[in-house]
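Asker: Below: one structure in structure tokens.
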Amino acid sequence: MPLHTHITDRGGLGSLVETFLPWSGLLVPVLLAAALWRRSATATVALLLPVVTWLSLFGGLLLDKSQPGGDLTVVSHNVNADNPDPAGTARALAASGTDLLALEEMTPRTTAVYARELARTYPYHTVQGTVGLWSRLPLSQSRPVDVLRGNAGPLARTRQAEDLPADPPRALRATVATDQGPLAVYVVHLGSVRLMPRNGFWTDSRDVGANALAKAVAAERNERVVVLGDLNGTTDDRALDGLTAQLRSAQEAAGHGFGFSWPASFPVARIDQILVRGVEPKNAWVLPATGSDHLPVAAALGW
């Protein structure tokens with residue numbers, strides 16, 4: 001647990017371990033059962049080491065760090081390209097009362113559905129490719145952000161060999177006009193990870209995209225920044241170090257629990273993130289399931 005950064009990332013092993021690192025604590029009751037079965041006092045006492053280690057790494061997440069108040073509420077949701085009920089998903093998200101709503105993994109067909117269903121609640125919106133941002137506050141300076149999906153690893157070679165068209169944008173940057181000044185908002189869906197027979201836990205596209213996003217955030221001149229999206233990685237994952245070195249996780253700063261968001265049927269990892277700079281997370285939580293395979297994540301932010 002404490003030495004996970006030293007695990008090789010060959011075949012994506014290190015990234016895989018870090019994605020599910022909190023679940024390493026499940027080995028403790030297994031070892032305890034073995035110690036009791038052997039009636040070994042030494043083994044039982046020795047279990048204090050992994051228990052203390054796990055608590056030092058993750059115990060703080062079990063505390064309720066939420067605070068009252070907040071000037072702006074944000075929600076991010078990977079709505080799933082195969083969502084059987086995009087209209088119902090849109091209505092549920094609008095009913096959450098959020099000020100900013102970021103959606104990822106939209107298709108041309110469902111984008112039109114979300115635009116129609118969310119129009120009454122959100123007078124402003126911008127869409128770039130498969131991601132979009134709906135807002136109660138004015139938006140400006142919207143542009144795509146190149147996170148290089150499909151341009152790395154074996155999938156890139158396949159695309160080149162088949163001469164396939166370029167992927168639509170999977171990230172955008174927009175400026176939100178707030179009473180306290182401009183807020184830079186990034187909506188992102190990084191490349192997927194794959195378990196591949198020859199390449200192991202393949203993360204090439206995600207990793208390249210994470211580095212590109214980290215550079216974009218580093219070059220951002222606005223002191224207030226919010227990154228919303230499906231990053232296909234947890235904040236323990238070394239691939240996101242470039243981002244987590246610059247930004248704070250709203251869930252870790254102001255949430256209660258791990259805030260797991262995927263898969264929706266039995267969440268085991270938080271790969272949907274709300275990361276901030278220059279604003280103060282007041283509260284963070286997970287919204288109820290929609291028709292997607294991800295759960296929506298939310299946060300209240302203060303100045």
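Asker: Read through the list (1) among the hydrophobic types (A, V, I, L, M, F, W, C); (2) surrounded by fewer than 20 Cβ atoms within 10 Å (Cβ to Cβ); (3) under 23 Å from Leu72 (Cβ atoms), then give the number of the only condition that Val185 fails.
Answerer: (2)
Asker: Is there any pair linking a residue in the range 252-263 that is closer than 18 Å to Trp54 by Cβ and open to solvent by 40 Å² or more (accessible area, probe 1.4 Å) to one that is in a helix (DSSP H, G or I) and of a type in the set (Gly, Ala, Ser), with Cβ under 8 Å and at least six apart or on different chains, and which?
Answerer: Taking only residues 6 or more apart or on different chains, the pairs are Glu252/Gly60.
Asker: Any residue in the range 169-182 that's touching a residue at least 24 places away in the same chain (Cβ under 8 Å) and within 18 Å of Arg221 (Cβ to Cβ): show its pairings with residues that are of a type in the set (Phe, Trp, Tyr) and outside any strand (DSSP E or B) at Cβ separation under 6 Å, as long as the two are six or more apart or on different chains.
Answerer: That search, which allows pairs on different chains as well, returns Gln180/Trp303.
Asker: Could you grab the pairs with beta carbons closer than 9 Å, sequence gap of 6+ or different chains, first residue in the range 1-21 and under 14 Å from Leu57 (Cβ atoms), second one in a helix (DSSP H, G or I) and of a type in the set (Lys, Arg)?
Answerer: Partner pairs satisfying both residue conditions: His4/Arg238; Thr5/Arg238; Glu18/Arg238.
Asker: If we scan the range 12-30, do we find a residue that is at pLDDT 95 or above and over 30 Å from Thr175 (Cα atoms)?
Answerer: No, the conditions are met nowhere in the range 12-30.
Asker: Something else: Of all residues in the range 173-202, which are at pLDDT 95 or above and farther than 18 Å from Arg136 by Cβ?
Answerer: Arg173, Tyr186, Val188, His189, Leu190
Asker: I'd like to check something: does the range 291-302 contain any residue that is among the acidic types (Asp, Glu) and within 23 Å of Ala216 (Cβ to Cβ)?
Answerer: no
Asker: Might you check whether a residue that is open to solvent by less than 20 Å² (accessible area, probe 1.4 Å) and under 19 Å from Asp230 (Cα atoms) occurs anywhere in the range 41-63?
Answerer: no
Asker: Scan Thr107, Thr121 and give me the residue that is within 20 Å of the chain's Cα centre (by Cα), over 18 Å from Asp272 (Cβ atoms), of a type in the set (S, T, N, Q) and open to solvent by 20 Å² or more (accessible area, probe 1.4 Å).
Answerer: The unique qualifying residue is Thr107.
Asker: Do we find that Leu247 is out of contact with any Gly (no Cβ under 8 Å at 6 or more places or on another chain) and crowded, with 19+ Cβ neighbours inside 10 Å in this structure?
Answerer: yes
Asker: Which residue pairs have Cβ atoms closer than 8 Å, lie 6 or more positions apart in sequence or on different chains, and pair a first residue in the range 54-75 that is at negative phi with a second residue that is loosely packed, with under 15 Cβ neighbours inside 10 Å and charged (D, E, K, R)?
Answerer: Asp71/Asp179
Asker: Of all residues in the range 264-301, how many are among the acidic types (Asp, Glu), open to solvent by 30 Å² or more (accessible area, probe 1.4 Å) and not in a loop (DSSP other than H, G, I, E, B)?
Answerer: Of the residues in the range 264-301, 1 are among the acidic types (Asp, Glu), open to solvent by 30 Å² or more (accessible area, probe 1.4 Å) and not in a loop (DSSP other than H, G, I, E, B).
Asker: Here are some conditions: (1) touching a residue at least 60 places away in the same chain (Cβ under 8 Å); (2) within 29 Å of Gly25 (Cβ to Cβ); (3) touching a strand residue (DSSP E or B) at 6+ places or on another chain (Cβ under 8 Å). Val185 meets all but one. Which one does it not meet?
Answerer: Going through the list (1) touching a residue at least 60 places away in the same chain (Cβ under 8 Å); (2) within 29 Å of Gly25 (Cβ to Cβ); (3) touching a strand residue (DSSP E or B) at 6+ places or on another chain (Cβ under 8 Å), Val185 breaks only (2).
Asker: Among the numbered criteria (1) in a loop (DSSP other than H, G, I, E, B); (2) at pLDDT below 95; (3) buried (at least 17 other Cβ atoms within 10 Å of the Cβ); (4) among the hydroxyl-bearing types (Ser, Thr, Tyr), which single criterion is violated by Ser205?
Answerer: Answer for Ser205: the failing condition is (1).
Asker: Looking only at residues in the range 1-19 that are hydroxyl-bearing (Ser, Thr, Tyr) and open to solvent by 50 Å² or more (accessible area, probe 1.4 Å), which one is nearest to Asp241 (Cα to Cα)?
Answerer: Checked the range 1-19; the qualifying residue nearest to Asp241 (Cα to Cα) is Thr5.
Asker: Out of curiosity, is Leu240 in contact (Cβ under 8 Å) with a residue 12 or more places away in the chain, in contact with a helix residue (DSSP H, G or I) (Cβ under 7 Å, 6 or more places away or on another chain), surrounded by 17 or more Cβ atoms within 10 Å (Cβ to Cβ) and assigned to a helix (DSSP H, G or I)?
Answerer: So Leu240 passes the test.
The values are calculated or read from the model by the stated rules, or taken from the named source; none is laboratory data. None of the values given here were measured: they were computed from a predicted structure. Every residue, glycine as well, gets a Cβ built from its backbone with ideal geometry; the counts of neighbours run over all protein chains shown. We work out accessible area using only protein heavy atoms, side chains counted, and drop any ligands, DNA or RNA first. Shrake-Rupley method; radii C 1.70, N 1.55, O 1.52, S 1.80 Å.
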